[in-house]
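What follows is a short report on a single structure.
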Amino acid sequence: MIPKAQDARAIPAAIGIGMRTLHFDEIIATRPAIGWLEVHAENYLGGGPAPLRLDTIRQEYPLSLHGVGLSLGSAEGLADDHLRRLRTLIARTEPFLVSEHLSWSITGDAYLNDLLPLPYTEESLDIVVANVAKAQAALGRRLLVENPASYLRYRHSTIPEPDFLGELVRRSGCGLLCDVNNIFVTCGNLDLNAEAYLEALPAAAVGEIHIAGHSRVMRGSQSLVIDDHGSPVAPPVWDLYCRALKRFGLVPSLVEWDNNLPPLTQLLDEAWKAERAAPATVDCDACAA
């Protein structure tokens, strides 16, 4: 049985889940005791029934808007129309967090429907800083910028990714969304140290944490880690989440599950594991359960 929000507090306000259409009716009917819900902003920028769902859900839960289409790394700058529509959605839903990805996805009039990687150079840093500053000014909100899941490394990148993020924070005033699964994926694919990556991030800037499942595929003799959000959180990611809690404190945390969607009860079970991991700020063994 799913505990109801009005008569149980099994999950503190720091723990949230992604709100997907498949689960909408059940969430409204049962009102599970989850702290907050995240939605992908681009799914709600038009008219029709989708924004009306948010009007309903925000009466019961705090909302976070997670963008996938601003294209913060675009050398051509940000799309003013996209910013205007996002600002309207923010005014309508009053989210407590607004976040985006460190990536690019637009060139000219073409939207590439993917979160593509950046070279980490001084030139690209200048571009991202300018784009983040423009977005924050247009939206009237501080953005949290998420570290990407990486599958390749540009030969001419000169700045390590966590240092790039730290400098972005310093120069733009943005915050960070620390995706722990993305750190695990990136470090697994590029032969980096995940704990060292975590330690290199500016702790005071982290305003949210994501955890999710991943998969592995073989490319010839090489194993590639895929950030697919289609399975339970893996044990090494739980361990890394414990370390993130110890370093960043109990900032809002989200369990992402976007593909092969499970029943709502299974998704909530993952969230309750995250809630039980909170003692990891004192005892990291708490994540092993």
*Roughly how many debye, to the nearest 20, is the charge dipole of the chain about its Cα centre, given +1 on each Lys and Arg Cβ, -1 on each Asp and Glu Cβ, and no other charges?*
460
*Compute the FRET efficiency between ALA200 and ASP81 as 1/(1 + (r/R0)^6), taking r as their Cβ-Cβ distance and R0 = 51 Å, and round to the nearest 0.05.*
0.90
*Percent RCO, i.e. relative contact order, over segment 15-288, from Cα pairs under 8 Å lying at least 6 residues apart*: 16
_For volume of the Cα convex hull per residue in Å³, pick the label among [x] 165; [y] 125; [z] 134 that corresponds to the value derived from the coordinates._
[z]
*Neighbour count of at most 12 Cβ within 10 Å plus DSSP loop: longest trypsin sites (Lys or Arg not before Pro)-free window in the chain*: 10-154
*Efficiency of FRET between LEU224 and ALA133 - r from beta-carbon atoms, R0 30 angstrom, step 0.05*: 0.30
*Hey, can you grab everything whose amide H is under 5 Å from the amide H of LEU144? Only 5+ residues off in sequence or another chain; H modelled, so Pro and N-termini drop out.*
VAL98, SER99, GLU100, GLY175
*Given a cut-off of under 8 Å on Cα pairs at least six residues apart, what relative contact order in percent is computed for segment 49-165?*
29
_Added length on full extension, which subtracts the Cα-Cα distance from 0.36 nm per residue, SER231 to THR88_ = 48.1 nm
_Residue among LEU139, LEU190, LEU97 with the largest mean-square fluctuation in a Gaussian network model of the chain, springs linking Cα atoms under 10 Å_ = LEU190
*Using a simple spin-label model with points 7 Å from Cα along the Cα→Cβ vector, what separation in nm is obtained for GLN59 and LYS246?*
4.5
*Quote the FRET efficiency, to the nearest 0.05, computed for LEU152 versus THR265 with a Förster distance R0 of 30 Å and r equal to the Cβ-Cβ distance.*
0.20
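Taken together, the values in this text are just the output of simple stated rules run on the coordinates, not laboratory data. Just so we're clear, the structure is a prediction, and the values are computed from it rather than from any experiment. Here the Cβ is made from the backbone with ideal geometry for all residues, glycine too, and neighbour counts use every protein chain on show.
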